[in-house]
1. How large is the accessible surface of Ile6 in square angstrom, using a 1.4 angstrom probe and rounding to the nearest 10?
2. Could you rank Glu2, Glu19, Glu26 by how accessible they are, 1.4 Å probe, largest area first?
3. Less than 29 Å apart at the alpha-carbon level, and either on another chain or at least 8 residues along: which lysines does that give for Lys98?
4. Suppose accessible area is computed on protein heavy atoms with a 1.4 Å probe; arrange Arg125, Arg76 from highest to lowest.
5. Taking 0.36 nm per residue of separation and subtracting the Cα-Cα distance, what length does fully extending His105 through Ile18 add?
6. Starting from 0.36 nm per residue, how many nanometres of slack lie between Lys98 and Tyr27 once their C-alpha separation is accounted for?
7. If I take every Cα pair under 8 Å that is 6 or more residues apart in the chain, average their sequence separation and divide by the length, what percent do I get for the relative contact order?
8. How do Val134, Val101, Val129 stack up against each other in accessible area, from largest to smallest, with a 1.4 angstrom probe?
Amino acid sequence: MEHLQIEISDRQSTADEIELRDALYEYNCKATGYRDGRLLSCFLKGDDGRLIAGISGYTWGGYAHVDYLWIAESFRRGGLGSRLLEAAEQEARTRGCKTIVLDTHSFQAPDFYRRHDYTEAGMTRDTPVGHFQVLFQKSL
């Protein structure tokens, strides 16, 4: 083991990222017996092909996880975020999920998720420094 050298980088290849994710998924499947992982995402684009809004995450083992939810600033406050979140929740239910989890920073949207009946499950401080990160969960 001493001959192995750890390389630190601020860049990663897509192939390395996929290999790492697949290796962890395989470990998780063996540990839990769940092999039903599927991506769950929706991307809305304008006529010019630019991203307007999107939600991205996955379902696995009876739960859903939202990694990203983003709306272009000019489209915010019009209900699009609610529609995307509700669509993801409905698809998660269709896939047999019992709960959905996500996290957000204090400067992002904790109140948005509270309005959608998500409950706080945990918090970290100084992530980034001067802010906090909140883990939310909702029963489906």
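1. Accessible area, nearest 10 Å²: 150 Å².
2. Details: Glu2 185, Glu19 125, Glu26 65 Å².
From most accessible down to least: Glu2, Glu19, Glu26.
3. Lys30, Lys138
4. Numbers: Arg125 170, Arg76 110 Å².
Ranking Arg125, Arg76 by accessible area, largest first, yields Arg125, Arg76.
5. Working: separation 87, 0.36 × 87 = 31.32 nm, distance 2.60 nm.
Value of the extension gain: 28.7 nm.
6. Values: separation 71, 0.36 × 71 = 25.56 nm, distance 2.26 nm.
Going from the current span to full extension adds 23.3 nm.
7. 16 percent
8. Numbers: Val134 0, Val101 25, Val129 125 Å².
Ranked list, largest accessible area first: Val129, Val101, Val134.
The values are calculated or read from the model by the stated rules, or taken from the named source; none is laboratory data. In this text, all values refer to a predicted model and were calculated from it rather than measured experimentally. Note that we place each Cβ from the backbone using ideal geometry, even for glycine, and neighbour counts take in every protein chain shown. The protein model used for the area step is the full one, side chains on, heavy atoms only, and it has no ligands, DNA or RNA in it. Shrake-Rupley method; radii C 1.70, N 1.55, O 1.52, S 1.80 Å.
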